[in-house]
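First up is the structure itself, then whatever we jot down about it.
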Amino acid sequence: MHNHIAGLVPQFVKPFFTRALRALGYQLVNLRKLYEFDGLHTVHNARFRDDPRFQAAWQRGIEAADGVNPASEWRIHIGLWAASVASRVPGDFVECGVNSGVLSSAILRYLDWRNLHKRFYLVDTFAGPVMDQFSEEEIRLGRRNMVQQSLAAGAYVTDLDRVRRNYAEWDGIEIVQGAVPDVLPKVNARAVAFLHLDMNCAHPEVEALRFFWDRLSPGGVVLLDDYAYFGYDAQGRAIDALLRTLGAEIAALPTGQGVIVK
């Protein structure tokens, strides 16, 4: 693995400087190619951004958010990859924590959804996270307070009619309104190929993963939006504790997500 040094080097000395740095195990990089969004800083190639199919899905996600750009392209890219893998696995799709529907809308645009013959269950309170589900640790870390501020600022979609309009162009969409875990028995998927968890709170995420684990098909994908995200340590630890009982492994991603393949 190479170390990286970035900087401005005069062109006439650059060849000599480059050779000297390489001899020491370093490599020059061009800051103009830096990807720096959503807490992810890298000089590596975000080649997915050049894919018209990705861009169409990304724009559909932004449309679902009423034009608000969430600046989370790499996270959406991971979500599209996970959904694409899951599309080849028997079972339906489930998202717990839908909000405006950025990722699920992007997935539906990205995949050949009509010909997959799957159902997509979209589970949310559509009133924001349930405040009494936050643990003492999460409250101490300020997670509940941040959610309350976001809710007051209108960051959570509470207009169910708007949600229904957003998904009206696709078949096989089931909107399930209610709090996890109480509402989960209303999800009629006998087999699950893709499970996305984004509820910003440890308790419902742990209970959703526990509920769906036995329904998850071999090769099915679980994507956790906040597993490794800055400030969400309580969620990460809670998921780790559950996974030890399930005998499953999770990959922590630099996007802040976590991914499990059963």
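What are the residues in the stretch 125-172 that are at pLDDT 95 or above and at positive phi, if any?
126, 172
Is it the case that the stretch 131-145 has a residue that's among the β-branched types (Val, Ile, Thr), farther than 30 Å from residue 36 by Cβ, open to solvent by 10 Å² or more (accessible area, probe 1.4 Å) and outside any loop (DSSP other than H, G, I, E, B)?
Filtering the stretch 131-145 down to residues among the β-branched types (Val, Ile, Thr) leaves 139.
Checking which are farther than 30 Å from residue 36 by Cβ leaves us with 139.
Next cut, open to solvent by 10 Å² or more (accessible area, probe 1.4 Å) only: 139.
Filter once more, keeping what is outside any loop (DSSP other than H, G, I, E, B): 139.
Scanning the stretch 131-145 turns up at least one residue that is among the β-branched types (Val, Ile, Thr), farther than 30 Å from residue 36 by Cβ, open to solvent by 10 Å² or more (accessible area, probe 1.4 Å) and outside any loop (DSSP other than H, G, I, E, B).
Collect the residues in the stretch 41-58 that are in contact with a Lys or Arg (Cβ under 8 Å, 6 or more places away or on another chain) and in contact (Cβ under 8 Å) with a residue 24 or more places away in the chain, keeping them in residue-number order.
43, 56, 57
Kindly indicate which of 79, 39 is surrounded by 13 or more Cβ atoms within 10 Å (Cβ to Cβ) and at pLDDT 95 or above. Reasoning before the result, please.
Details: 39 fails: at pLDDT 95 or above.
Only one candidate qualifies: 79.
Does any residue of the stretch 165-175 turn out to be charged (D, E, K, R) and under 22 Å from residue 234 (Cα atoms)?
Start the filter on the stretch 165-175 by keeping residues that are charged (D, E, K, R), which leaves 165, 169, 171, 174.
Still in the running and under 22 Å from residue 234 (Cα atoms): none.
Scanning the stretch 165-175, I find no residue that is charged (D, E, K, R) and under 22 Å from residue 234 (Cα atoms), so the answer is no.
Considering (1) farther than 23 Å from residue 89 by Cβ; (2) modelled with pLDDT of 95 or more; (3) out of contact with any Cys (no Cβ under 8 Å at 6 or more places or on another chain), say which one residue 204 fails and leave the rest.
Checking residue 204 against (1) farther than 23 Å from residue 89 by Cβ; (2) modelled with pLDDT of 95 or more; (3) out of contact with any Cys (no Cβ under 8 Å at 6 or more places or on another chain), the one that fails is (3).
For the structure I just gave you, tell me whether residue 101 is open to solvent by 50 Å² or more (accessible area, probe 1.4 Å) and on the phi > 0 side of the Ramachandran plot.
No; evaluated as a whole, the condition is false for this residue.
Are there any pairs, at least 6 apart or on different chains, whose C-beta atoms fall under 6 Å, with the first in the stretch 111-124 and under 21 Å from residue 183 (Cα atoms) and the second among the β-branched types (Val, Ile, Thr), and if so, which?
Short answer, once both residue conditions are applied: 120/173; 121/94; 121/176; 121/187; 122/98; 122/175; 123/176; 124/98.
Just the residues that are closer than 20 Å to residue 62 by Cα and either surrounded by 18 or more Cβ atoms within 10 Å (Cβ to Cβ) or within 15 Å of the chain's Cα centre (by Cα) (or both), please, taken from the stretch 104-120.
Initial filter on the stretch 104-120 (closer than 20 Å to residue 62 by Cα): 104-113, 120.
Selection gives 104, 105, 106, 107, 108, 109, 110, 111, 113, 120.
When the stretch 95-130 is examined, which residues are found to be assigned to a helix (DSSP H, G or I) and among the aliphatic types (A, V, I, L, M)? Walk me through how you get there before you give the answer.
Here is the first cut: in the stretch 95-130, the ones assigned to a helix (DSSP H, G or I) are 102-110, 113-115.
Residues satisfying the conditions are 102, 103, 106, 107, 108.
In this structure, does residue 58 turn out to be modelled with pLDDT of 95 or more, open to solvent by 40 Å² or more (accessible area, probe 1.4 Å) and under 24 Å from residue 227 (Cα atoms)?
No, not satisfied.
The values are calculated or read from the model by the stated rules, or taken from the named source; none is laboratory data. Fair warning: this is a prediction, and the values are worked out from it, not measured in the lab. Positions of Cβ are generated from backbone atoms using ideal geometry, with glycine treated the same way; all protein chains shown enter the neighbour counts. Surface accessibility is based on the protein's heavy atoms, side chains included, excluding ligands, DNA and RNA. Shrake-Rupley method; radii C 1.70, N 1.55, O 1.52, S 1.80 Å.
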